[in-house]
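The values are calculated or read from the model by the stated rules, or taken from the named source; none is laboratory data. Predicted, not measured: the structure shown is a model, and the values here were computed from it. Here Cβ is always computed from backbone atoms with ideal geometry, including for glycine, and neighbour counts include all displayed protein chains. Ligands, DNA and RNA are stripped out before the accessible areas are found, and what is left, the full protein with its side chains, is counted by its heavy atoms. Shrake-Rupley method; radii C 1.70, N 1.55, O 1.52, S 1.80 Å.
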Amino acid sequence: MTSQPEKSLQPRSLIAYGFLALPIAFAGFPLYILAPDFYAVHYNISLTSLAGILLFLRLCDAVQDPLFGYLADRYRTQTRSIVISAGLILSVAFLSVFNPISEPLIWFACTMFLAMSCYSLLSILLGSSGALWSSDPAHQTFIASIRESFGLIGLIIAVTLPSVFNAFTDVQSAYLGLWIILTVFLTGGILSFYRWHKKNIVVTSQQSYSLKDLLTGLRQASKKFLWVYAISMFASSIPAVLVIFYVRDLLDAEAYLGLFLLLYFVSGAVFMSLWRRLALKYGKYQIWCASMLLAIISFIGAFFLGTGDILFYAIVCILSGAALGADLMIPPALLGEDMHNKGQTDHMAAHYALLAFFTKGALAFASIFALPAIEYFGFVPDYENSADALFSLSVTYALIPCVLKALSAFLLYKNFLLSSVTLRGNL
C-alpha cells in the first residue's frame, strides 16, 4: 500500500514534482514529429514505410504499456531507481535515433523502440506518482495542471531550439545540441523527482497483486470515458503527424514552423491556469467539452488556408492552442480522482498506463491513416505538389480532425452531461 501526506501542496514541492515533465515532453517532440521527417528527407524512406514502422512500434506499446503499469505498481518501492535507469537509457537512445550507423530503416525502428519505451515508462511513473500524492479532488486537478504546464514548457523549448540551431549549424550538429540540452534537463528532472518522491510518497509495503487482478481492475474502467478520450486523442494526433508537411508544403512557410508551434504551445501553457479554475468552478466534464468546441471552431479555419496565409494560421495556432490545456489536464485528473474514490490506488500506474496506451495508440493510427492517405493522392514531402495533392493534405490535416473532435464532444455530452452523471470522480 502507498500512503501520502494529506497537507497543502507547497509550491516548492509542486515544482520539484512537475519539473521531470519538462525533459519528457522535450524528448517527445523530436522523437514523434522530427524523426520521421528526418528519415524521409535525408534517407529517402517512403512515408508508408515510416508509417508501418510507427504502427509496429505502437503495437508493441499495446503489450508494453499495461506491463509497465503492472510492474510500476508491483515494484513501487523501486520507483526512484527505475526513473534513474529509464532516464539514462532515454538519453542514449535519443542520441542514437538521429545518428544512424547501419541500415536507416532498421536503425530507426530499433532506436525509436528503445527511446519510446523509456519515454512511456517515465510518463507512467510521473503521472501515477502525482495521482498518489493526494486524494483531494482539487489537488488532483492542481497536480495535473502543474505537470502538464511543465510539459508544455518542455515542448516550447523543443520546438524553438531546432530553428535556432539550424540557423547557425548543420542538421547533425543541431540534433547533437538537442541531445545535450535534453541530458541536462533529464539530470535535473530526475534529481528533483528523486527528492520529491522520497519526501512525499511513502510506500508501506510491496505491491503483491497478480496480472489477473490487474486485468480485473482495468475492466472496471469506464468504457465510455475511454472512447471519448481515444477519439479526442486521435483527432489531435492527425495534425501532429502532418504539421510539418502542412506548413512547409501547403503554406510555403517552413521558416515559420518553429514560430507556429511556439504560439500553439505557449497559448496552451498560458490558458492552463484558466481551464483549471473553470473546471473547479463549473465541473471537469463541462469544461472539457467546452475546450473541444473551442478546438473545433478555431482549427477548422486551417482547412481554408493556402500558400502565404501566415497570419491567419498563426491565429489558428493561438486559438486551438488555448484548448490544449484542458485536453492535457482534465482526463488524468479525472482518472486519479476516480481511482481514489474506488479505493484502487494499488492499480494507479496500470490505469495511467491505459491512458498512455490510448494516447500513443492514437498517434499510431494517425500515422498509419494520414501518411498513406496523402501519399495515395500523390503528395510527396518537400516537393512541388499538385493542387489535388495539397487539397488532400488540407482535408486530412484540418477537416477530418475537426469531424473526429466533434464526435468526441458529442459522446462526452451524451454520456456525461446529458445523462447527468456525477461530475466529480465518477467516470
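For (1) in contact with a helix residue (DSSP H, G or I) (Cβ under 6 Å, 6 or more places away or on another chain); (2) under 23 Å from Thr359 (Cβ atoms); (3) at pLDDT 90 or above, each residue gets a yes or a no:
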{"site": "Ala115", "(1), (2), (3)": "yes, yes, yes"}
{"site": "Leu121", "(1), (2), (3)": "yes, yes, yes"}
{"site": "Ser149", "(1), (2), (3)": "yes, yes, yes"}
{"site": "Ala158", "(1), (2), (3)": "yes, yes, no"}
{"site": "Ser163", "(1), (2), (3)": "yes, no, no"}
{"site": "Asn166", "(1), (2), (3)": "yes, no, no"}
{"site": "Val171", "(1), (2), (3)": "no, no, no"}
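Which count do you get for residues in segment 221-242 that are open to solvent by 10 Å² or more (accessible area, probe 1.4 Å), in contact (Cβ under 8 Å) with a residue 24 or more places away in the chain and either farther than 28 Å from Pro30 by Cα or of a type outside the set (Ser, Thr, Tyr) (or both)?
The number of residues fulfilling the criteria is 12.
Within segment 83-104, count every residue that is open to solvent by less than 50 Å² (accessible area, probe 1.4 Å) and aliphatic (A, V, I, L, M). Steps first, please.
In the first step, residues of segment 83-104 are kept if they are open to solvent by less than 50 Å² (accessible area, probe 1.4 Å); the result is 83, 86-87, 90-91, 93-94, 96-98, 100, 104.
Of the ones still in play, those that are also aliphatic (A, V, I, L, M) are 83, 86, 90, 93, 97.
Final tally of qualifying residues: 5.
Identify, by number, the condition in (1) closer than 20 Å to Ile153 by Cα; (2) aromatic (Phe, Trp, Tyr); (3) surrounded by fewer than 18 Cβ atoms within 10 Å (Cβ to Cβ) that Phe271 doesn't meet.
The one condition Phe271 does not meet is (3).
Counting only residues that are farther than 22 Å from Ile231 by Cα, touching an Asp or Glu at 6+ places or on another chain (Cβ under 9 Å) and hydrophobic (A, V, I, L, M, F, W, C), which one in segment 368-427 is modelled with the lowest pLDDT?
Checked segment 368-427; the qualifying residue modelled with the lowest pLDDT is Val380.
List the helices (runs of 4 or more DSSP H) inside segment 259-369, counting only whole elements, that have at least 3 residues being without any contact (Cβ under 8 Å) to a residue 40 or more places away in the chain.
In segment 259-369, the matching helices (runs of 4 or more DSSP H) lie at 284-299, 310-322.
With (1) touching a residue at least 24 places away in the same chain (Cβ under 8 Å); (2) out of contact with any Phe, Trp or Tyr (no Cβ under 8 Å at 6 or more places or on another chain); (3) not aromatic (Phe, Trp, Tyr) as the list, and Val159 as the residue in question, which single condition is left unmet?
All conditions are met except number (2).
Based on what the data block shows, is Val184 open to solvent by 40 Å² or more (accessible area, probe 1.4 Å), closer than 25 Å to Val164 by Cβ, part of a helix (DSSP H, G or I) and at pLDDT 95 or above?
Numbers: open to solvent by 40 Å² or more (accessible area, probe 1.4 Å): yes; closer than 25 Å to Val164 by Cβ: yes; part of a helix (DSSP H, G or I): yes; at pLDDT 95 or above: yes.
Here the answer is yes, as Val184 does meet what is asked.
If Leu22 passes every condition in (1) of a type in the set (A, V, I, L, M); (2) touching a Gly at 6+ places or on another chain (Cβ under 7 Å); (3) farther than 30 Å from Ile106 by Cα but one, which one does it miss?
Of the numbered conditions (1) of a type in the set (A, V, I, L, M); (2) touching a Gly at 6+ places or on another chain (Cβ under 7 Å); (3) farther than 30 Å from Ile106 by Cα, the odd one out for Leu22 is (3).
Which members of segment 8-29 meet the condition of being buried (at least 21 other Cβ atoms within 10 Å of the Cβ) and at pLDDT below 85?
Once the filter is applied, which keeps residues that are buried (at least 21 other Cβ atoms within 10 Å of the Cβ) and at pLDDT below 85, segment 8-29 yields only Phe29.
Out of the residues in segment 361-386 meeting the condition of being of a type in the set (Val, Ile, Thr) and open to solvent by 40 Å² or more (accessible area, probe 1.4 Å), tell me which one is farthest from Phe234 (Cα to Cα).
Among residues in segment 361-386 that are of a type in the set (Val, Ile, Thr) and open to solvent by 40 Å² or more (accessible area, probe 1.4 Å), the one farthest from Phe234 (Cα to Cα) is Val380.
So for segment 345-360 (the condition being surrounded by fewer than 21 Cβ atoms within 10 Å (Cβ to Cβ) and touching a Cys at 6+ places or on another chain (Cβ under 9 Å)), does at least one residue qualify?
Within segment 345-360 (the criterion being surrounded by fewer than 21 Cβ atoms within 10 Å (Cβ to Cβ) and touching a Cys at 6+ places or on another chain (Cβ under 9 Å)), the answer is no, since none of the residues qualifies.
Suppose the filter is of a type outside the set (A, V, I, L, M, F, W, C), open to solvent by 10 Å² or more (accessible area, probe 1.4 Å) and in a helix (DSSP H, G or I); does Tyr246 pass it?
The answer is no for Tyr246.
Out of all the residues in segment 370-389, which are within 27 Å of the chain's Cα centre (by Cα) and assigned to a helix (DSSP H, G or I)?
Ala370, Leu371, Pro372, Ala373, Ile374, Glu375
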